[in-house]
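The values are calculated or read from the model by the stated rules, or taken from the named source; none is laboratory data. Given the structure is predicted, the values throughout are model-derived calculations rather than measurements. Here Cβ is always computed from backbone atoms with ideal geometry, including for glycine, and neighbour counts include all displayed protein chains.
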Amino acid sequence: MNQVIETLLQHRSIRRFKEQRLDREQIEAIVKSAQAASTFSFIQAYSIIGVTDQKKKDKLAELAGNQAYVAANGHFFVFCADLHRLMVVGEMENADLSESIESTEKFMVALIDAALAAQNAAIAAESLGLGICYIGGIRNDLEAVKDVLKTPEHVIPLFGMAVGYPDQETDLKPRLPMANIYMENEYQKDRSLFEKQMHDYNETTSEYYRVRTGGKREDTWTGQMVKMVGGKSRMYMKEFVEKQNLNKK
């Protein structure tokens, strides 16, 4: 096993950071690492907004559900799906790209490009001894986030990433068994095997929470998923995306 794999396997979310800002060299290394990620047909359909204005960070923390670590960290990045750049390119080249840009396919390209770039950024940060936490809570109110970040049409802020020097020790959270994630040649549809895997994983997650909380929690993964997915959060998203003239065709 090499150092890169060891860094990957030691990933955990950090939600408390020391009061120490990232320097310019660290920020540039993280962003350049993000840019080195694979991108569909060289489109690079994403943008990264580094938020340094404390008032803006405080507002984003509020919008994300009063998550303090959105405001208190070494640096806060927001990853955006960005097809605005292609609209400008079309105008520069006297080409109408709107039908393609507003398609579901290009919307998916932008989402995938942004996610790939973000994960490169996360690995780069962790390789520097920093901690990270993805922040999906900024999607609680994207109209308000859009106002804070001044994003134009054809751009959607997808998630934030708080980065900084860890000020806490956290345990590795057990992932799904590899057999449930990795399949060869075709999708595994054996229901009885699937349910057994889920029962086994529930025991693993319950033990994790028992140890972590001193017996105060014994959550199962399936129970958590029913609560989380059943909550029907952010159901305004389709309307917001289409309002940005994306995913319309």
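Things worth noting here:
- For region 41-55, the criterion of a residue being farther than 23 Å from K238 by Cα, modelled with pLDDT of 95 or more and basic (K, R) is satisfied by at least one position.
- For region 1-51, a residue qualifies if it is touching a Gly at 6+ places or on another chain (Cβ under 7 Å) and either under 14 Å from A117 (Cβ atoms) or charged (D, E, K, R) (or both), and the qualifying residues are K18, R21.
- Matching option when the condition is surrounded by 16 or more Cβ atoms within 10 Å (Cβ to Cβ), in the same structural domain as E143 (by TED's automatic domain parsing) and touching a Pro at 6+ places or on another chain (Cβ under 9 Å), among I48, I43, I14, I30: I14
- If you go through region 219-233 and keep only what is exposed (fewer than 13 other Cβ atoms within 10 Å of the Cβ) and hydrophobic (A, V, I, L, M, F, W, C), you end up with M225, V226, M228, V229.
- Hey, L246 in contact (Cβ under 8 Å) with a residue 40 or more places away in the chain, assigned to a loop (DSSP other than H, G, I, E, B) and either exposed (fewer than 11 other Cβ atoms within 10 Å of the Cβ) or in contact with a Cys (Cβ under 6 Å, 6 or more places away or on another chain) (or both) or not: no
- Answer from N185, N202 - the residue that is modelled with pLDDT of 95 or more and assigned to a loop (DSSP other than H, G, I, E, B): N185
- Condition met for E126 (over 30 Å from V89 (Cα atoms), of a type in the set (D, E, K, R) and either in a helix (DSSP H, G or I) or touching a residue at least 60 places away in the same chain (Cβ under 8 Å) (or both)): yes
- Filter result for G136 (within 22 Å of the chain's Cα centre (by Cα) and either modelled with pLDDT of 95 or more or not hydroxyl-bearing (S, T, Y) (or both)): yes
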